[in-house]
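Structure first, then comments.
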Amino acid sequence: MIKSKKWLIAITIFIFLLVIGLFLFLKWSEPDFNKDLPMSISIDHENNDLGAEDAAYMFLSDLLDPYKEPEAPSWKKLDDVRFDEFKLLAGDNEEAAVAVTFWVKPKNKTWSIFHNWGSMEKDGTIRDIHWTMRIKKRGDNTYELTKIEETSGTVAGLPAVENQYQKEAGIKVENNDMNYKLEQDKLQVTYNGGKSWVKVPLEVDQLFQGDYSGSKDTLIEGSFVIAPEKTAFVFVEDGMEAERVSILYSNNKGKTWKTSRISEEFASVRLRTIGFTSKKDGYLILTYDRTMGFEAHTVFKTNDGGATWKKAGSVPDVSNHVTDGTFINDKLGFLSFGTKNELNKEGSPYLFRTEDGGKTWSEVEVPMPPEYQGIFVVAEPPTFDGSQGTLLINQGPSGDYQGGNVLARFISIDKGKTWSFANLVDPDQVLEGEKSRLSSEEK
């Protein structure tokens, strides 16, 4: 009896480990097409009207055809592949982002490396697979595929809002190894996930001085940088008549610290956003002197790693409250002023762009589809992978569309001069739930 139980336990454990092993094997075997990019093709055709969408068709065919070969093992074989749509999202035939929609039918319904591509229907097909393909023209008939982004038609999965989707979209994701903690009026930072902590020689109250009434359990968003090559904290000191802004920074993981000061004085500093685009180049966005419908703002730049800061400029004739801002490099930057409200018009994102380090600014047009106008109204700081950018537009503090957290995603291939709508971003999966409900009602 005891031996039988032991054998039963052993067999159960073996089966469990076998299933886990197969699952991990299939997961590790999932196609990662980006690792082999860039790839090139030549279109041998006399028709000069062929362009990026045709190139996308050929690229996708080349990528998926090997999985349709008869000799492919069942767990990585596709019985059928059908293309639904190739749509130019942004750009032209020289450089473009093309949205592709297709479906596949894996050979093996139970064990397949394609399960993560979507939900399998009763007939074994995985439908509504949506990718965005970044394509550049390299010659008269030669195209290069540089990147593939996986999205869904109206939903781009955004788990934890800061993980998988942001990486796929080129959005910078915070490193969990770099963090801080506030305990007993002391600020400490870690560079190894909390295994060890370094004390920051700064009075915690100075981190919250100025026009700030939020929680003091966490640092003001954007007011600090924690990285091995540069750690920096913006702090404010009360003066006799105005406030002084300073930066405490370290270049060696907190072994030594230095302090630099902005030469100007300010009244009631609110936003204090700092960032570094290289070891030497950085930016500081300050807003101050806020009233009901007015707020002053100034951009400062450093080119010596934070030792000195010089006034770069501001957006002329704009006194709206700044919601956020960023610089992509020493020259290219963006400032978001919340929502632009005009008479007899829906609210729209109020975004400005500079390409000379903040000296001059131009307003950026965000061409919102008619059905979303007045819903998505505040631009978040865009992020870039080379000249290709991603811009998320949120609903503002009063948004209530599908719960208020859904975002509109735009893409650019010209360093943010122009933007094109791509899809919606759904952190809470409310749109997916709505699609499932409507599908059930139709049945």
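Each reported figure results from applying straightforward, stated rules to the coordinates on display, with no laboratory input. Because the structure is predicted, anything quoted here is derived from the model rather than measured. Glycine also receives a Cβ, built like all others from the backbone with ideal geometry; neighbour counts cover every protein chain displayed.
General remarks:
- Projecting label points 7 angstrom from Cα along Cα→Cβ for LYS186 and SER61 puts them 6.7 nm apart.
- Least to most buried among THR291, THR298, THR354 (fewest other Cβ within 10 Å first): THR291, THR298, THR354
- In nm, spacing of pseudo-spin labels at ASP289 and ASP205 (7 Å Cα→C-beta vector): 2.7
- Sorted by Cβ density within 10 Å, fewest first, the residues PHE276, PHE337: PHE276, PHE337
- The ASP304 and PHE83 beta-carbon pair, evaluated with R₀ = 45 Å, returns a calculated FRET efficiency of approximately 0.25.
- Cα→Cβ-extended label distance, 7 Å offset, between LYS216 and GLU371, nm: 4.9
- Beyond 19 Å in Cα-Cα separation lie the following of the pairs LYS87/LYS107; LYS216/LYS279; LYS301/LYS340; LYS68/LYS105: LYS87/LYS107; LYS216/LYS279; LYS301/LYS340.
- Cβ-defined net charge surrounding PHE327, 9 Å radius [Lys, Arg +1; Asp, Glu -1]: 0
- Entries in LYS136/LYS415; LYS331/LYS359; LYS280/LYS331; LYS181/LYS310 that, when Cα-Cα distance is taken, lie over 19 Å: LYS181/LYS310
- Overall form of the range 184-314 per C-alpha gyration tensor (a/c, 1.5; a/b vs b/c): oblate
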